[in-house]
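What follows is calculated from the coordinates using simple rules that are stated; it is not laboratory data. Worth saying up front: this structure is predicted, and the values here are computed from it rather than measured. So basically every Cβ, Gly included, is an ideal-geometry build from the backbone, and we count neighbours across all protein chains shown.
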Amino acid sequence: MDSDEEFVVAFEKKVFDTVKNFNLVEKGDRVVVACSGGKDSTLVLYLLNKFFGGVVALAVDEGIKGYRDKSINDLKIFCDEQGIELRVYSFAEEFGKSLDKVLDGSVNPCTVCGTIRRQILNKYAVDFDKIATGHNMDDESQAVLMNLFKSNVDLLWNSGPISGKVEGFVQRIKPLYFCLERDVVRYVKLKGFKVCLIKSCPYRVTAFRKQVRELLDDYELSNVGVKKNILEKHLSLLKNVNLKKRTFGYCSVCGGPSLGKLCKACQFIKSFK
Ligand code: SF4
């Protein structure tokens with residue numbers, strides 16, 4: 001096993017090489033990091049700011065009592081210590097209600113939460129060229145398998161370290177694409193980042209992802225490198241896929257990109273009134 005110092009150097013190089021090899025950040029790009037206060041996005045924030053400087057943190061407070069308030073507080077402390085600008089937006093300020101208040105058991109919490117959070121991120125990242133997220137190799141290899149198992153072809157082909165350019169959307173980048181979760185944990189522990197490593201969202205619906213995660217973790221134990229192989233194979237197949245360009249109109253309420261008259265987020269918001 002490598003020493004802690006060697007590990008830190010190798011880890012940072014891996015992230016830097018991913019950024020460079022996939023052109024995640026280009027000269028002059030203004031980069032915002034979608035932060036939750038958790039280990040992965042905090043690490044992306046730290047490293048991109050270390051590599052390029054001037055990175056801004058953008059957080060969305062969905063209003064999940066006892067969970068998001070705590071992680072955003074950790075993020076505020078971290079950004080203060082690092083001298084990084086933090087902008088926080090909330091469901092309550094955007095449409096008058098927290099996630100806790102709108103859930104009545106009739107909708108999947110993650111669908112509502114993810115859809116509205118994406119809308120808010122896209123809206124406030126409009127002055128930036130890239131939005132970086134904290135997805136790591138474990139998340140991404142699980143996603144490839146989940147999309148395969150469920151035949152979600154659109155989602156399967158629309159994944160990778162960088163999203164395509166679609167008018168109305170800020171491009172998404174994933175600098176931790178080739179980093180194993182256990183290495184992320186090791187790095188943040190070595191650096192002493194004050195982030196919560198275990199507490200997860202009370203609304204998380206885990207059954208399917210949990211099964212896939214356990215399957216992959218088990219398989220990785222006896223076949224070291226299988227997560228990396230999945231992503232490399234996925235990327236090589238992706239090169240030969242001709243993605244149909246989706247064209248978006250504009251939502252009649254928020255003005256954001258939308259396939260219909262009302263975007264998905266505004267449909268949810270309307271149903272909460
Ligand atoms: Fe939102 Fe679901 Fe993530 Fe919780 S687990 S923060 S509800 S997307």
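Tabulated results
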{"item": "Packing rank of 228-240, 6-18, where each peptide gets the mean count of other beta carbons within 10 Å, highest leading", "result": "6-18, 228-240"}
{"item": "Potential lengthening between Glu93 and Lys210 on full extension [0.36 nm per residue; Cα-Cα distance subtracted]", "result": "38.8 nm"}
{"item": "Region 1-93, dipole about Cα centre (Lys/Arg Cβ +1, Asp/Glu Cβ -1), debye to the nearest 20", "result": "280"}
{"item": "Helix-derived mean residue ellipticity, 222 nm - over the chain, DSSP H n ≥ 4, -39500 (n - 2.57), to 500", "result": "-15500 deg cm²/dmol"}
{"item": "Computed magnitude of the charge dipole of the chain (debye, nearest 20; Cβ of K, R +1, Cβ of D, E -1)", "result": "960"}
{"item": "For region 105-167: rounded, prolate or oblate by the Cα gyration tensor [a/c cutoff 1.5]", "result": "oblate"}
{"item": "Dipole of region 4-272 [Lys/Arg +1, Asp/Glu -1 at C-beta], most positive-end residue of Ala34, Phe51, Asn240", "result": "Asn240"}
{"item": "Cut-off under 5 Å, modelled amide H: who pairs with Ile64 long-range", "result": "Asp69"}
{"item": "Cα gyration tensor shape for region 4-272, rounded if a/c is under 1.5, else prolate or oblate", "result": "rounded"}
{"item": "Entries of Lys101/Lys210; Lys245/Lys270; Lys14/Lys264; Lys245/Lys273; Lys165/Lys264; Lys14/Lys194 with Cα pairs more than 31 Å apart", "result": "Lys14/Lys264; Lys245/Lys273"}
{"item": "Förster-model FRET efficiency, 35 Å R0, Gln267 and Val224, C-beta, rounded to 0.05", "result": "0.20"}
{"item": "Highest to lowest packing among 160-173, 213-226, 44-57, scored as the average C-beta count within 10 Å", "result": "44-57, 160-173, 213-226"}
{"item": "Net charge of neighbours whose Cβ lies under 12 Å from the Cβ of Ser271, counting Lys and Arg as +1 and Asp and Glu as -1", "result": "+3"}
{"item": "Tensor-based shape of region 1-86 (alpha-carbon gyration tensor, a/c under 1.5 rounded, otherwise prolate or oblate)", "result": "oblate"}
{"item": "Pair Lys20, Val253: separation of 7 Å Cα→Cβ label points (nm)", "result": "4.6"}
{"item": "For Tyr250, residues with placed amide H under 5 Å, excluding near neighbours", "result": "Ser258"}
{"item": "Alpha carbon centroid spacing (whole Å) that separates region 104-131 from region 200-270", "result": "13"}
{"item": "Model label zone, Asp217; criterion: amide N under 15 Å from point 7 Å along Cα-to-beta-carbon; scope region 162-190", "result": "180-186"}
{"item": "Residue with peak Gaussian network fluctuation, the chain [Cα springs, cutoff 10 Å], from Lys39, Lys20, Lys130", "result": "Lys20"}
{"item": "Rounded FRET efficiency, nearest 0.05, which uses the C-beta distance separating Gln82 from Val8 and R0 of 22 Å", "result": "0.85"}
{"item": "Two-site label geometry, Arg30 and Ser236: point separation in nm, points 7 Å out along Cα→Cβ", "result": "4.0"}
